[in-house]
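The values are calculated or read from the model by the stated rules, or taken from the named source; none is laboratory data. Keep in mind it's a predicted model, so treat the numbers as computed, not measured. Note: ideal-geometry Cβ built from the backbone for every residue, glycine included; neighbour counts use all protein chains shown.
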C-alpha cells in the first residue's frame, strides 16, 4: 500500500510518499512544493499541477491531508488554507486515490502519544521512527507524519524498513 501525505500551505506544501507492507513502512520520497506565484489563482493552479504530477507518478491508494483548522485571530489564514486544501483534494480525487483527513491532534497523538505535542517533537519522532536522517522542513515532516499515521491506522506497523534514499 502507498500513502501520500500532504500538508497544505500557502507558500510551502509538504508532501511525503510512504509505502507499507506487513514488515513496516518505507519512506519513498519527502519534500516541499514551494510557490511564489503572485496571486491566488496562479498559486492554486501551480499547486494543482505539482500535486497531479506527483499523484500520477506515484499512484497511491490513499492521500492524507491535514484537516482544516482555524484560529479565531487569523480567519483569513483559514480561508487561504481551505483554498489550498480544496485544490489538493481535487487532485487526489482526480488521481483515483481515497482521501482521508486527520486533525493535527490525531497525528500528534499517533506519533508522540500526546495530542498537544509541539511541532518539533512530532518532527523528531516521525524522523526517528522512519529512519529519516537530517533536518526536514516542518511541512515535509508534517506530511510524513500524516502518511505514517494513516498507514499505522490501517494496520501496518510503525517500523522503518529503510530511510529516505
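Tabulated data
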| item | result |
| --- | --- |
| Qualifying residue in the range 22-34 (condition: surrounded by 15 or more Cβ atoms within 10 Å (Cβ to Cβ) and more than 20 Å from residue 142 (Cβ to Cβ)) | yes |
| From the options 134, 115, residue that is outside any helix (DSSP H, G or I) and on the phi > 0 side of the Ramachandran plot | 134 |
| Residue list for the range 35-73, filter: more than 16 Å from residue 1 (Cα to Cα), without any contact (Cβ under 8 Å) to a residue 24 or more places away in the chain and loosely packed, with under 12 Cβ neighbours inside 10 Å | 38, 39, 41, 71, 72, 73 |
| Check on residue 98, touching a strand residue (DSSP E or B) at 6+ places or on another chain (Cβ under 7 Å) and either closer than 19 Å to residue 29 by Cβ or at pLDDT 95 or above (or both) | yes |
| Flag for residue 110 being surrounded by fewer than 19 Cβ atoms within 10 Å (Cβ to Cβ) and either touching a helix residue (DSSP H, G or I) at 6+ places or on another chain (Cβ under 8 Å) or modelled with pLDDT under 95 (or both) | no |
| Every residue from the range 40-58 that is more than 13 Å from residue 83 (Cα to Cα) and under 15 Å from the mean Cα position of the chain (by Cα) | 50, 51, 52, 54, 55, 58 |
| Residue match in the range 77-86 (condition: surrounded by 16 or more Cβ atoms within 10 Å (Cβ to Cβ), free of Cβ contacts under 8 Å to residues at least 40 places away in the same chain and either in contact with a strand residue (DSSP E or B) (Cβ under 8 Å, 6 or more places away or on another chain) or closer than 17 Å to residue 16 by Cα (or both)) | no |
| So residue 92, is it under 23 Å from residue 40 (Cα atoms) and buried (at least 19 other Cβ atoms within 10 Å of the Cβ) | yes |
